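To keep things clear, I will list the structure first and then write my remarks on it.
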Amino acid sequence: MTRALVVKVTCGPEDAERLNQAFTVAAAAAAAGAPVSLWLTGEAAWYGVPGRAEAFDLPLATPLATLRDTVLAMGTLTVCTQCAARREIGEADLVPGARIAGAAVFAEEVLADGAQALVY
């Protein structure tokens, strides 16, 4: 059985390579068949909103929107409840398939048997 991967990204465009790496690892694991949950916290919360990933550019990197869409097609994309509230992002503001959830759900995912958590 493939173990689940939970990836939490805590940065935005101020650390573009770290942001892109988190999305890349999550999308690669999802494409390989692993159950993947990508959590967007802090400034990364904006990448759950339409148009934000499309506007992100990092030379020689797979487009962030492509990576996001891979995760959405094969796993889950979650924006942190408090992070969304601080930015006035609601469920209706998110890309289709994304959700808003809090620390209890994150803890449940990372504490599940066999889960691997990575924080970027």
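The values are calculated or read from the model by the stated rules, or taken from the named source; none is laboratory data. Please read these numbers as outputs of a predicted model, since none were measured by experiment. Here the Cβ is made from the backbone with ideal geometry for all residues, glycine too, and neighbour counts use every protein chain on show. SASA here: full protein model, heavy atoms, side chains in, ligands and nucleic acids out. Shrake-Rupley method; radii C 1.70, N 1.55, O 1.52, S 1.80 Å.
If you go through the range 15-61, how many residues are open to solvent by 70 Å² or more (accessible area, probe 1.4 Å) and of a type in the set (S, T, N, Q)?
Selection size over the range 15-61: 1.
Is the range 36-52 home to any residue that is without any contact (Cβ under 8 Å) to a residue 40 or more places away in the chain and more than 21 Å from Val105 (Cα to Cα)?
Yes, there is a match, as at least one residue in the range 36-52 is without any contact (Cβ under 8 Å) to a residue 40 or more places away in the chain and more than 21 Å from Val105 (Cα to Cα).
Would you be able to tell me the number of residues in the range 71-120 that are in contact with a Pro (Cβ under 9 Å, 6 or more places away or on another chain) and over 24 Å from Thr2 (Cα atoms)?
Qualifying residue count, the range 71-120: 4.
Here is a yes/no grid of residues against (1) open to solvent by less than 70 Å² (accessible area, probe 1.4 Å); (2) in a helix (DSSP H, G or I); (3) touching a residue at least 24 places away in the same chain (Cβ under 8 Å):
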residue	(1), (2), (3)
Leu67	yes, yes, yes
Val71	yes, yes, yes
Glu88	no, no, no
Val95	yes, no, yes
Ala104	no, yes, no
Glu108	no, yes, no
Gly114	yes, no, yes
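Output the residues belonging to the range 1-36 that are closer than 16 Å to Gly114 by Cα and not aliphatic (A, V, I, L, M).
Thr2, Arg3, Gly33, Pro35
For Val79, are the conditions met, namely being at pLDDT 95 or above, in a strand (DSSP E or B) and within 11 Å of the chain's Cα centre (by Cα)?
yes
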